[in-house]
Every structure is written in C-alpha cells, then in structure tokens.
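Heads up, the thing below is written out as structure tokens.
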Amino acid sequence: MNALLTLEEARTLLLQHAPPRRVERLELADALGLVLAEDLLAPEPLPPFPRSGMDGYAVRSQDTADATREAPVTLPLVGVIPAGHPHTDELAPGTAVAIMTGGALPEGADTVIRLEEVRVAEEGVRIFRPVLPMENVSPVGEDVAEGQVVLRAGQLIRPQEINLLAALGIADVPVFGRPRVGILSTGDELVAPGEAPGHGQIRNSNGPGVAALVRAAGGEPVVLGIARDVTDAIARALRQSGGCDLLITTGGVSVGQYDLVKEAMDVLGAEQLFWRVSIKPGTPVCAGILEGRLIIGLSGNPAAAITDFDLLVRPLLDHLLGRRRLGLREAEGILDQPVLKKAALTRFLRARACNGPDGEVHLDTGMAQRAGVLSTMCAANAYAVIPAHAEPLPTGARVKVLLQDDADVYICRPSGGTGQA
C-alpha cells in the first residue's frame, strides 16, 4: 500500500480507526479544557434564596406606596443584613433593614431600594418614591431553575463553566478523558537534550517537542524514550507501550536503509493503513493498527514532524476529546510574497499571519521552508496552504490559511520579508 494518500484520505482513515473515547469523572479543577460527556441537571436553584442585587434597604413595597419627593415616607431601621448573615426575624410592617449585595431578603420584605435613592436620618430611612415589588431582588431560580439542563454534552469546560457548576454544588463532572499518547523517538544519532552530543550526533528535540504538542492539544504524553535503529529494538519498544491509547514515533519512516519503523510494525503484525501522504513537508508519514491501537509514524525532520502532527494527529486528538472542530482553525489570507514553485504535492508553508491595515489577514512566508529547519517554526503562527499542481502565485493571491492557535485576529506588523517560497 505505497500509493500516496491525500491529506483528507489519511485523516479519514485515522478517524475511522480511532480508539473509543473514554469517559471519566473528574473534579472541576481537573476538567478545565475538557468536553462534557453527558448533560448536567441543576441539583438546586440558583440563587437558592431571594437575594439583594444592590446595597440598599429591604422594605415592604406597600409601605412606600405614598412616598413622594415632597412627602417622603420614613421607615425606622431595625438592623443590617450582610451577605452570609440572614435576618432571622420577619420584617415588621412599616420598618426597613439595611442589606448588602448578595444578602438574603428577609421574610416579609419584597423589594430593595438602592442606597443612592434614600436619605438616612435619625428617625430612619427616608424614601422619596414608591418602590415596586421585586426591585433589585434576584428571586429563587432566576439564574438556573432546579432540574434545568444547565450544560449539554459536548460543552467545553471553560473557567466560566467551572464557576457555574461550583455555584450549583457540582464538584465533579463526566468528561471525555485525555488520550494517553505514547511517544517513541528513533535513531542512532539521538541523545537526550541534556547530554552533550558526540560527533555526528544530535539532541532529541522531537521527543520533547511532540510531547509538548500532545499536551497542548489536550492529550497526556507518555515519553517512551529513544529506540536505536534496529528493527527488534523498535518493535520491543512498541510492544512494551501498554496503557497508551495511541502511539507516535518520530523518524525512521522514509526510504533509507535505516528507516525501520514500518519494518518493526510488520514484525509485530501491525495492519498498515498508509505510508506517505501527498503533503510537503511531512510526506513520509505512516500509520498502522497494532492490537487495536493506532501507531502513527511521523517524519524525523523536526519541522516536518510538527506539520504532520498539526495536520494528522491534532484532528484525531480533537475527536477523542469530543471537540466539535477537528484540527486547526481555517481562514483566508493574502500572500505578502509570491510563491514561485509549482509542486505536485499540497504545500503547507510556514507563515506569520498578521492583521493588515486593510482588515485582511496577511501571510508573511519569507522564511526558510526546508523540512529540517526548526527555527522558523518559532517565527510562524500559521500555514499558508498551496494546493497541489497550483500555478505560481503572485503577491496578493488569496489562499487558505490554518491558524496555529485560536486567535481570530493577529495584531502585529508584517515583517515585509523579501524571501520567496
């Protein structure tokens, strides 16, 4: 199965063979950023008691019916109700009680007049207008009624959802669990980032980098270390990665003598889904199924590995996490440099997306685009998508853009680079 798949075909295969979603009950603090797996019903009303929405005075509205500016009604004060300290006695007719924002409305009172609207004299509170029932009062269940569906399955748990659930006394929630993603780096040339590389060796950047990508995408990375360029060593590392929902390898997926990931998968009896996808960078990417688990082999070139992850792994993780949008946010942008090359594969050019003075998203692609160049990934926040077999594109051409985070507007000044892609 060596024919190149389109990106859409490869994504579809991965989603079709995705592991089942896991539902977990987590404490609210641990559920931040996850998606609710079931509808939640309010166990109690919010607010649970009638409360004051203002600092002011709780009164019986009928006691203010005759109040005018010329002939104010004066009601003697009988106490103070701070938030959290309810008045235990019923408010007697013809009296008022000071109440703070959030304070429980005393029995007998049916309204609150704002502090700014009265004058306090020695004999009591002077009120200059009739106060209508329920002014400045939040009734029981005004926000949420008991038994109401407060959040639907599929809702992303953000800080505001945590605030609401905590107010209702819901301390843990059913969510789609974070996928556990095993990450295996391959290559005789690799040493750990903290080690000094010998001649011809390099530090393993893909291991920490892909782990960070997994964590940023909502998954739980499980770092499996480095496997040498020996088929049995790679196969043994893959076999010992139990407990992971899916596996990612980096390196060893091209056509060289020591590109052995596919061979190790064959030794283990994995079913191959695809090898090579018609994208650039990141063409040499493979996927297979081993004992019901997906294995995705990413390119060893750092920039290509990041691109492969963004285009193929991120949508899969979004699916497992129950998110509605799979993959990076799409938009339209304008090229600030021409694209002179015509390629047979769909190209994903590193770009800096900026909001231009014309209100359009402008794409600066004037940076090194080679698959092994990692530094320009730090300058980029988007991919400019150049379709396969497209003719050379001039400056100002409109293309699809994939944004690498959820910002809708990038406020920056295009660098005006003169490089050509």
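The values are calculated or read from the model by the stated rules, or taken from the named source; none is laboratory data. In this text, all values refer to a predicted model and were calculated from it rather than measured experimentally. Every residue, glycine as well, gets a Cβ built from its backbone with ideal geometry; the counts of neighbours run over all protein chains shown. We work out accessible area using only protein heavy atoms, side chains counted, and drop any ligands, DNA or RNA first. Shrake-Rupley method; radii C 1.70, N 1.55, O 1.52, S 1.80 Å.
Here's how it looks for L26: its modeled amide H is under 5 Å from those of V173, V175, which are all 5 or more places away or on a different chain. Give the distance, in whole Å, between the Cα centre of the stretch 153-181 and the Cα centre of the stretch 321-371. Going from one Cα centre to the other spans 33 Å. Across the accessible surface of the chain, with the other protein chains kept in place and a 1.4 Å probe, carbon and sulfur atoms take up 52 percent. Largest GNM mean-square fluctuation among A83, A212, A331, using the chain with Cα springs under 10 Å: A83. Among beta bridges identified by DSSP and lying wholly in the stretch 254-373, the antiparallel ones come to about 75 percent. Taking amide H positions as modeled 1.01 Å from N, with prolines and chain starts lacking one, the residues under 5 Å from I248 and 5 or more places away or on another chain are G182, I183, L184, I296. Net charge dipole, the stretch 248-350: roughly 400 debye, given to the nearest 20, about the Cα centre with Cβ charges of +1 for Lys and Arg and -1 for Asp and Glu.
Note on the chain: with a GNM built from Cα contacts shorter than 10 Å, the maximum mean-square fluctuation among L247, L75, L156 falls on L75. Taking all Cα pairs closer than 8 Å and separated by 6 or more residues, the relative contact order of the chain comes to 16 percent. Percent antiparallel among DSSP beta bridges with both residues in the stretch 59-178, to the nearest 5? Around 75 percent antiparallel, to the nearest 5. Selection among P106, A153, G141 by position relative to the dipole of the stretch 33-158 gives A153 as farthest towards the positive end (Cβ unit charges, Cα centre). Solvent-accessible surface of the stretch 1-46, taken per residue with a 1.4 Å probe and all protein chains present: 58 Å². Between the labelled values [x] 1.20; [y] 1.10; [z] 0.96, the entry that holds Rg/Rh (Cα atoms, Kirkwood Rh) as derived from this structure is [x].
Of the GluC sites (Glu not before Pro) in the stretch 254-293, the ones in a loop by DSSP (not H, G, I, E or B) with at most 12 other beta carbons within 10 Å are E291.
Extents of the stretch 1-119, largest first, come to 93, 31, 20 Å (Cα atoms, principal axes, whole angstrom). Phi angles of the stretch 22-27 translate, via the Karplus equation with coefficients 6.51, -1.76, 1.60 and θ = phi - 60°, into HN-Hα couplings of 9, 9, 10, 9, 10, 5 Hz per residue; Gly and Pro are given as x.
Calculated mean residue ellipticity at 222 nm for the chain: -4000 deg cm²/dmol, from DSSP H runs with n ≥ 4 weighted as -39500 (n - 2.57), summed, divided by the residue count and rounded to 500.
Looking at the stretch 59-166, the accessible area is 55 square angstrom per residue; that uses a 1.4 Å probe and ignores ligands, DNA and RNA.
In summary, the convex hull built on the alpha carbon positions of the stretch 164-308 has an orientation-averaged projected area of 11.0 nm². For T95, the residues whose amide H sits under 5 Å from its own are R60, ignoring neighbours fewer than 5 places away on the same chain, with H placed 1.01 Å from N.
With a 1.4 Å probe rolled over the protein heavy atoms of all chains, the accessible area of E360, E9 falls in the order E9, E360, largest first. Karplus-derived 3J(HN,Hα) values for the stretch 279-293, using 6.51 cos²θ - 1.76 cosθ + 1.60 with θ = phi - 60°, are 10, 9, x, x, 4, x, 10, 9, 8, x, 10, 10, 6, x, 10 Hz; glycine and proline are entered as x. A 1.4 Å probe run over the protein chains yields, for the stretch 262-333, 32 Å² of accessible area per residue, whole-number rounding.
Accessible surface ranking for C378, C286, 1.4 angstrom probe, highest first: C378, C286.
Using a Gaussian network model of the chain in which every pair of alpha carbons under 10 angstrom is joined by a spring, one finds that among A145, A96, A153 the greatest mean-square fluctuation is at A96.
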